[in-house]
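Peer 1: Take a look at this one; I'll ask things after.
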Amino acid sequence: MGSRAAGSARSAERAGREERPHNLFEAAAAYVSACAEDDQDRIDEAAGWVSPEALSFGVNELACRAVIALARERDESPGTVARALLGLPAA
């Protein structure tokens with residue numbers, strides 16, 4: 001009986017997590033990863049989680065953080081990394 005109650009509590013906890021609204025950073029992460037994998041269904045789903053403006057802000061923040069992380073890893077400037085990622089010639 002105790003394990004049945006614990007299992008029920010875990011199920012309710014999971015259901016509560018699934019029903020909570022997504023924040024803009026979750027939406028951005030899901031959207032960008034879906035774009036990278038060319039998964040249109042996931043792109044559409046993530047795009048519906050937040051407003052277009054919020055998604056744009058989240059994607060921009062993700063891009064900034066990714067460029068900074070890669071720049072640190074490569075010991076290069078963020079500008080150099082951003083240009084390389086986009087296939088642009090060095091400035």
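Peer 1: Which ranges mark the helices (runs of 4 or more DSSP H) fully within the range 1-57 that have 2 or more residues being at pLDDT below 95 and open to solvent by 100 Å² or more (accessible area, probe 1.4 Å)?
Peer 2: 2-19
Peer 1: Does the range 81-90 contain any residue that is within 13 Å of residue 25 (Cβ to Cβ), open to solvent by 50 Å² or more (accessible area, probe 1.4 Å), modelled with pLDDT of 95 or more and out of contact with any Cys (no Cβ under 9 Å at 6 or more places or on another chain)?
Peer 2: Checked against the condition, which is being within 13 Å of residue 25 (Cβ to Cβ), open to solvent by 50 Å² or more (accessible area, probe 1.4 Å), modelled with pLDDT of 95 or more and out of contact with any Cys (no Cβ under 9 Å at 6 or more places or on another chain), the range 81-90 yields no hits at all.
Peer 1: So which residues in the range 29-50 are closer than 21 Å to residue 65 by Cα and of a type in the set (S, T, N, Q), if there are any at all?
Peer 2: Listed by number, the list holds a single entry, 33.
The values are calculated or read from the model by the stated rules, or taken from the named source; none is laboratory data. Predicted, not measured: the structure shown is a model, and the values here were computed from it. Every residue, glycine among them, receives a Cβ derived from its backbone with ideal geometry; neighbour counts consider all protein chains shown. Note: accessible area is taken over every heavy atom of the protein model, side chains too, but ligands, DNA and RNA are not part of it. Shrake-Rupley method; radii C 1.70, N 1.55, O 1.52, S 1.80 Å.
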